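Remarks on the structure that follows.
The values are calculated or read from the model by the stated rules, or taken from the named source; none is laboratory data. This one's a predicted model, so the numbers in the text were calculated from it and none came from an experiment. Note that we place each Cβ from the backbone using ideal geometry, even for glycine, and neighbour counts take in every protein chain shown. For accessibility, only protein heavy atoms count, side chains too; no ligands or nucleic acids. Shrake-Rupley method; radii C 1.70, N 1.55, O 1.52, S 1.80 Å.
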Amino acid sequence: MLLVEDNDDLAETIMDRLRAEGHSVDRERDGEEANALLRHAGFDIVLLDVNLPGRSGYEVLRSLRSRGDDTPVMILTARSQIDDRVIGLDAGADDYMVKPVDFRELSARCRVLARRRAGSASNLFAAGPLSFDRAAKRATIHGRDAQLRAREIQLLEILIDNMGRMLTKEEVADRLYTFEETPSLNAVEQLVTRLRRRLEGTPLVIKTARGLGYMAYVADDD
């Protein structure tokens, strides 16, 4: 996720909450810098304040949509007037929350945006004996906890949300880690290997295409 928020205290609180739930969150304080970043970096969700230095959140949003970028965007603002909400939604926002936000609701709304992008109506993914609950961030196999580590849970969710689509190692790394972490692609390979091992006996397959990346799909029973 990308959080665009100039209030340091609020930004830290939001990032702490979302990171505790297993999300990778980067932050920008300035609208102009956020707009520049969004021109060359992809995110799964953008949480966007309206009153920003450099460029307003509405301007950032309009610029994003004018480029044909359909990344889900949630507006976070202290403005509570109906006209402000209409402006944000008409500019291309997918959702709108008025500060102060309830962090449980924020998390739930982020899950809705993630499900919508993945084309799913439910937080629960099931394939054979494997079940994954996005809300609980928990995977089970035959009803037993799969004992996945936090990064493995993140990777599993990324693969499920992009089922049938080839993801490059760079794309996976971008979704798993923040800019400050800068992991090696070898770390991604090792993580994929560990997750694949933990999913043995389930129909969820993680295919490696040399030189291309990874793709998850559910194998036919026969």
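Out of VAL46, GLY22, GLY211, whose Cα points farthest toward the positive end of the dipole of the chain (charges: +1 Lys, Arg; -1 Asp, Glu; placed on Cβ)? Positive-most Cα among the choices belongs to GLY211. Taking 0.36 nm per residue of separation and subtracting the current Cα-Cα distance, fully stretching the chain between ARG194 and PHE179 would add 3.1 nm. Per-residue 3J(HN,Hα) values for the stretch 91-98, derived from phi via the Karplus relation 6.51 cos²θ - 1.76 cosθ + 1.60 with θ = phi - 60°, read 6, x, 5, 8, 7, 8, 10, 9 Hz in sequence order (x marks Gly and Pro). Give me the net charge of MET163's neighbourhood, meaning all other residues with Cβ under 15 Å from the Cβ of MET163; Lys, Arg count +1, Asp, Glu -1. With Lys, Arg at +1 and Asp, Glu at -1, the neighbours total +2. Only Lys, Arg, Asp and Glu carry charge here, each on its Cβ (+1 for the first two, -1 for the last two); on that basis the chain has a dipole of about 800 debye about its Cα centre.
For the peptides 35-48, 132-145, the ranking by mean Cβ contacts within 10 Å, running from highest to lowest, is 35-48, 132-145. Values [x] 11.4; [y] 14.0; [z] 12.7 are given for comparison; mean projected area of the Cα convex hull in nm², derived from the coordinates here, is the one labelled [z]. Distance from the alpha carbon centroid of the stretch 33-88 to that of the stretch 89-112 works out to 12 angstrom.
In this simple spin-label model, placing a label point 7 Å from the Cα along the Cα-to-Cβ direction at both GLN147 and ARG62 gives a separation of 5.6 nm. Dipole check for the stretch 61-148: with +1 at the C-beta of Lys and Arg, -1 at the C-beta of Asp and Glu, and the Cα centre as origin, the magnitude is about 240 Debye. Taking Cα centre as origin and charging only the Cβ of basic (Lys, Arg, +1) and acidic (Asp, Glu, -1) residues, the dipole magnitude of the stretch 7-112 rounds to 180 debye. Eigenvalues of the alpha-carbon gyration tensor of the stretch 4-113, scaled by 5 and square-rooted, set the equivalent ellipsoid semi-axes at 19, 16, 14 angstrom, largest first. Dividing the convex hull volume of the alpha-carbon atoms in the stretch 158-222 by its residue count gives 85 Å³ per residue.
Taken over the alpha carbons of the stretch 93-170 as equal point scatterers, the Debye sum produces base-10 log I(q)/I(0) values at 0.12, 0.14, 0.18 Å⁻¹ of -0.40, -0.54, -0.84. Estimated at 0.36 nm per residue, the fully extended path between ARG117 and ASP90 surpasses their Cα-Cα distance by 7.8 nm. Annotation: per residue accessible area for the chain equals 51 Å², rounded to a whole number [probe 1.4 Å, protein chains only].
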